[in-house]
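The values are calculated or read from the model by the stated rules, or taken from the named source; none is laboratory data. Nothing here was measured: the structure is a model prediction, and the numbers come from that model. With ideal geometry, Cβ positions are generated from the backbone for all residues, glycine too; neighbour counts draw on all protein chains shown.
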């Protein structure tokens, strides 16, 4: 990639005005519960692993502070998402979910559905009984076949995930699946493969539904992608309001820091340029699309983490 690209927040390497995205409304607030994970995947954008604690565990009390800010400011937030790492490794996740759901928000948890989630089965069943479909669990299944999934996530990772996924479905949870384009197949081929898998597992998910089964574009920060200029919206026939940072933010807590901060995007946890301050109010400004992920995943790839 041209080293001059994605450097200046105002202009591109070619001297054109860089696209910015204004926060239209905070529809979705994400909490990164910590980067620790029970797996070390081959292409994890956040580099989660059993050893990566660059983002430490959030506490339920810290989550509550942001929920209080939403209430005090009268923000139109409807969905609260939890990502990691593996969110179920954070021992306070059930308390966080109870606090979010009890205030009437919808909640979305991203998980690999393995042992950390299994340990939380009793708490999950209580939450489902109390709040029903307010809670959605999105299970990461990187491919409809064991081989590609385990090439990315490691040996013996397939069956525990499938077992956890089936437990969720058979116990009446609102369950979605997140997959990826690792295999080089078309999206239509991937969806057809998942349709066969869901039929074999007797799980009632329509693989053609882009919400129930999300197929994410791949991310590669070193790939040579075009910078997004103000003129690109018209050229591409897209609106800046279709990009994630027009409607969402993410809260993280960095190792060694006294309090959490708010980031512009779920995909950029370590880039200080996208840190917007400690409060939701401080994070309400426009975001410059000054990273390769902005172009490849969001604008050109059409990716959106909070689609529900």
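Scanning region 243-273 for residues that are without any contact (Cβ under 8 Å) to a residue 24 or more places away in the chain and surrounded by fewer than 22 Cβ atoms within 10 Å (Cβ to Cβ) yields a count of 6. The set of residues in region 269-288 being assigned to a loop (DSSP other than H, G, I, E, B) and either more than 19 Å from the chain's Cα centre (by Cα) or within 22 Å of residue 75 (Cβ to Cβ) (or both) consists of 276, 277, 278, 279, 280, 284, 285, 286. Is it true that residue 97 is buried (at least 19 other Cβ atoms within 10 Å of the Cβ) and in contact with a strand residue (DSSP E or B) (Cβ under 6 Å, 6 or more places away or on another chain)? Spelling it out, residue 97 is indeed buried (at least 19 other Cβ atoms within 10 Å of the Cβ) and in contact with a strand residue (DSSP E or B) (Cβ under 6 Å, 6 or more places away or on another chain).
Against the list (1) in contact with a helix residue (DSSP H, G or I) (Cβ under 6 Å, 6 or more places away or on another chain); (2) in contact (Cβ under 8 Å) with a residue 24 or more places away in the chain; (3) within 16 Å of residue 45 (Cα to Cα), the condition residue 287 fails is (3).
Among the residues making up region 141-158, those that are within 19 Å of residue 37 (Cβ to Cβ), surrounded by fewer than 16 Cβ atoms within 10 Å (Cβ to Cβ) and without any contact (Cβ under 8 Å) to a residue 40 or more places away in the chain are 155, 156. Among the residues making up region 1-55, those that are more than 24 Å from residue 252 (Cβ to Cβ) and not in a loop (DSSP other than H, G, I, E, B) are 11, 17, 18. Residue 214 meets all of the listed conditions (1) part of a helix (DSSP H, G or I); (2) out of contact with any helix residue (DSSP H, G or I) (no Cβ under 7 Å at 6 or more places or on another chain); (3) surrounded by 17 or more Cβ atoms within 10 Å (Cβ to Cβ) but one, namely (1). Can you find even one residue in region 188-205 that is crowded, with 17+ Cβ neighbours inside 10 Å, touching a strand residue (DSSP E or B) at 6+ places or on another chain (Cβ under 6 Å), under 21 Å from residue 140 (Cβ atoms) and touching a residue at least 60 places away in the same chain (Cβ under 8 Å)? No: region 188-205 contains no residue that is crowded, with 17+ Cβ neighbours inside 10 Å, touching a strand residue (DSSP E or B) at 6+ places or on another chain (Cβ under 6 Å), under 21 Å from residue 140 (Cβ atoms) and touching a residue at least 60 places away in the same chain (Cβ under 8 Å).
Evaluated against (1) farther than 22 Å from residue 44 by Cβ; (2) part of a loop (DSSP other than H, G, I, E, B), residue 223 falls short on exactly one condition, (1). When the criteria are applied in full, residue 18 fails the requirement of being at negative phi and either at pLDDT below 95 or touching a helix residue (DSSP H, G or I) at 6+ places or on another chain (Cβ under 7 Å) (or both). Of the residues screened, residue 234 is not one that is in contact with a strand residue (DSSP E or B) (Cβ under 7 Å, 6 or more places away or on another chain), farther than 19 Å from residue 8 by Cβ and loosely packed, with under 14 Cβ neighbours inside 10 Å.
Apart from one condition, residue 68 fits all of (1) under 27 Å from residue 292 (Cβ atoms); (2) without any contact (Cβ under 8 Å) to a residue 12 or more places away in the chain; the exception is (1).
Of the residues examined, residue 224 is not one that is modelled with pLDDT of 95 or more, surrounded by fewer than 17 Cβ atoms within 10 Å (Cβ to Cβ) and closer than 29 Å to residue 149 by Cβ.
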